[in-house]
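I have placed the structure first, in the form of structure tokens, so that the comments after it can refer back to it.
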Amino acid sequence: MVTRRLLALMRPHSGRLGLAVAASVVAELATLALMATAAWMIARAAQQPPLAALSLAIVGVRAFATSRGLFRYAERLASHDAALRALATLRGRVYDALVPLAPAGLPSFRSSDLLSRMVADVEAVQDFIVRVLVPAATAAVVAALAVGFGFAVLPTAGLALAAGLLVAGLVVPMLTAAASRRHAKRLAPARAELAARTVDLLRGSADLAVFGATRQALADAERAGTDLARIERRTALTTASAGAAAMLVQGATTVGVTLIALAAAADGSLAPVMVPVLALVALISFEPVLPLVSVVRHFLESRAAAARVIAVLDTAAPVAEPPTPLPAPRRDAVIAVRDLTVRHASDREPALAGVNLRLEPGRRVAVVGASGSGKSTLLAAMMRFVEPESGEIVVDGHPITEYSGDDIRALITGVTQDSHLFHTTIRENLRLAAPSADDEQIRAALAEARLLTWIDTLPDGLDTMVGESGGQVSGGQRQRLALARALLADPPVLVLDEPTEGLDPETADELVADLVASTRGRTTLLITHRLTGLDEVDEIVVLDAGRVVQRGRHQDLVAASGPYYDLWWATELRLPDGLDSVSGR
């Protein structure tokens, strides 16, 4: 199955592959002809014929020597061109497969392992072409022509050559495959495990140091490296042993063909000058066959890597796109969530159960609740990242399932809980949302996010590098940059998903106040567990265990007993005037 999928991937590039194989075959035949012609010329020259009898052989030697290099270059050019094109095709398919999986469909893959599949495993396609397909096809054609030549000159010699090539080119590689199969299957996962351990060490070094777990993490990485080295040593030992066996077959076959040719020359059935020709043809015909031992190893490794890539390609998207999506909804579309129920797994309780919500143009709605109450699931459903079990989300009068997911996310987007800053400048991080934005527009968005004053104090201004994942700026600045990027995108519905995550209370309160101020007049969906500043929003929806338990304005909710009042007391560490306990009135 995996091999068929790989071959199907090669089909669009079959022309270039055919050219590569043809060039490789001609290059190997030129080598074979060069050696055979040289052997004939030397043997014939020993008989001291007229120089004219050797002139054609002399020209042939020069022609074969020159053409060998030219066709070898052509083979390298064509095979790598086909490999790189196939690599680009597969990488594009992997990215296309990942887009509908993110983010709901990706938790089944470890992030570092997914990176290994996208890079190292995808590049195994190059080995499949350059080190498997082309060498195997070349060996088969050259071996068949060499055996045919041997049969034409001396049938018994051709038979001996055929037997030797069959053993070296088929039996030995098959035995190698049987011995290497288990190691080849373990190689790609072992490399992915080492990459994962290394990434954990690099990205989590600070947390590992704080909790005293650095030594254990280093030991785990060392163990992963040792396991990988053990697999690679065993694979190399198997390949080397098989290569030595194939070379022994080559030597034995050459000796056998030579003895047969000498016997034929002695009884007059073969011209003496053909003895060295047959001997060298037997020797050189193994040159494209001996690499088949390595071809088997590369085939097994590339197939195992391809299986990991195909697992990504075959992962079902959590949300199905409509076959003929409606045109993108209007900017002033009304979004209505009706009796929405979402269940992440059939054996688990619903993450959302019967939720209702309405977002109208210019209206700001806050969804609050403790961790695990279903806030992020609601947002994921509205952004078409998860499929509801029942109920519906209606956008501009049509079910959300009738729109393209990209159109919905263009309508509803903003600052997500894990907004990422790339290792580039402030300007380029913001232009991700609006590639055509000029500096004036960028500065306007930064001013709205209360960052422009700080930017103007930086020596490089908008050209300041933010570091990997925004590591060179503070948490508050990182979140404000994410907000500025969202404001620059100017989505019809601005989403603010836990914008204060990871910030200290004072910074979080300042950021929420600025968020509320900057969203005045915008259609906004605020997902948060902090309640500071919510007295400015139009409606607060309180979730608990996936259900709406309260809704209304801040002043009304905080004045009544219930989950919002309890959350207000717990997060703000204060009680409304005149109360001395959570439940007292």
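The values are calculated or read from the model by the stated rules, or taken from the named source; none is laboratory data. None of these values were measured; they are calculated from a predicted model. For neighbour counting, all protein chains shown are included, and Cβ atoms are generated from backbone atoms with ideal geometry for every residue, glycine included.
Of Ala217, Ala242, Ala252, which residue is of a type outside the set (S, T, N, Q) and over 19 Å from Leu170 (Cα atoms)?
The conditions single out Ala217.
Under the condition of being surrounded by 19 or more Cβ atoms within 10 Å (Cβ to Cβ) and aromatic (Phe, Trp, Tyr), which residue from region 531-583 is modelled with the lowest pLDDT?
Restricting to residues being surrounded by 19 or more Cβ atoms within 10 Å (Cβ to Cβ) and aromatic (Phe, Trp, Tyr), the top hit is Trp568.
Give the residues of region 396-424 that are farther than 22 Å from Gln479 by Cα and not in a loop (DSSP other than H, G, I, E, B), sorted by residue number.
Result: His398, Pro399, Ile400, Thr401, Glu402, Tyr403, Gly405, Asp406, Asp407, Ile408.
For region 519-568, how many residues meet the condition of being assigned to a helix (DSSP H, G or I) and among the hydroxyl-bearing types (Ser, Thr, Tyr)? If you could, list the steps in order and put the result at the bottom.
Kept after step one, since they are assigned to a helix (DSSP H, G or I), are these residues of region 519-568: 534-536, 554-558, 563-568.
So of that shortlist, the ones also among the hydroxyl-bearing types (Ser, Thr, Tyr) come out as 564-565.
Adding up the residues that qualify gives 2.
Quick check on my filter: what residues within region 509-529 are closer than 18 Å to Trp569 by Cα and surrounded by 22 or more Cβ atoms within 10 Å (Cβ to Cβ)?
Once the filter is applied, which keeps residues that are closer than 18 Å to Trp569 by Cα and surrounded by 22 or more Cβ atoms within 10 Å (Cβ to Cβ), region 509-529 yields Val512, Thr528.
Of all residues in region 276-310, which are part of a loop (DSSP other than H, G, I, E, B) and of a type in the set (Ser, Thr, Tyr)?
Ser285
Residue-by-condition table, conditions (1) assigned by TED's automatic domain parsing to the domain that holds Leu525; (2) of a type in the set (Phe, Trp, Tyr); (3) farther than 18 Å from Asp490 by Cβ; (4) surrounded by 15 or more Cβ atoms within 10 Å (Cβ to Cβ):
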position	(1), (2), (3), (4)
Arg363	yes, no, no, yes
Ala366	yes, no, yes, yes
Ser371	yes, no, yes, no
Gly374	yes, no, yes, yes
Met383	yes, no, no, yes
Ile393	yes, no, yes, yes
Glu402	yes, no, yes, no
Gly414	yes, no, no, yes
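Can you find even one residue in region 387-395 that is closer than 30 Å to Arg480 by Cβ and assigned to a loop (DSSP other than H, G, I, E, B)?
For region 387-395, residues closer than 30 Å to Arg480 by Cβ and assigned to a loop (DSSP other than H, G, I, E, B): absent.
Among the residues of region 300-320, write down those that are farther than 17 Å from Leu90 by Cβ and surrounded by 14 or more Cβ atoms within 10 Å (Cβ to Cβ).
Within region 300-320, Leu300, Ala317, Pro318, Val319 meet the criteria.
Restricting to region 174-185, name every residue that is within 18 Å of Ser116 (Cα to Cα) and surrounded by fewer than 17 Cβ atoms within 10 Å (Cβ to Cβ).
Lys185
Where residues in region 341-355 are part of a loop (DSSP other than H, G, I, E, B) and touching a Lys or Arg at 6+ places or on another chain (Cβ under 8 Å), which of them is farthest from Leu379 (Cα to Cα)?
Glu349
Pull out all pairs, ordered by first then second residue, where Cβ-Cβ is under 6 Å, the residues are six or more apart or on different chains, the first lies in region 130-148 and is in a helix (DSSP H, G or I), and the second is among the polar types (S, T, N, Q).
Hits for this filter: Val130/Ser79; Val134/Ser24; Val134/Ser79; Thr138/Ser24; Ala146/Ser285.
Which one is farthest from the chain's Cα centre (by Cα) among residues in region 411-448 that are within 22 Å of Leu359 (Cβ to Cβ) and modelled with pLDDT under 85?
Applying the filter and picking the extreme gives Glu448.
Within region 425-439, which residues are assigned to a loop (DSSP other than H, G, I, E, B) and of a type outside the set (Asp, Glu)?
Leu432, Ala433, Ala434, Pro435, Ser436, Ala437
Can you confirm whether region 312-320 contains a residue that is farther than 30 Å from Ile42 by Cα and free of Cβ contacts under 8 Å to residues at least 12 places away in the same chain?
yes
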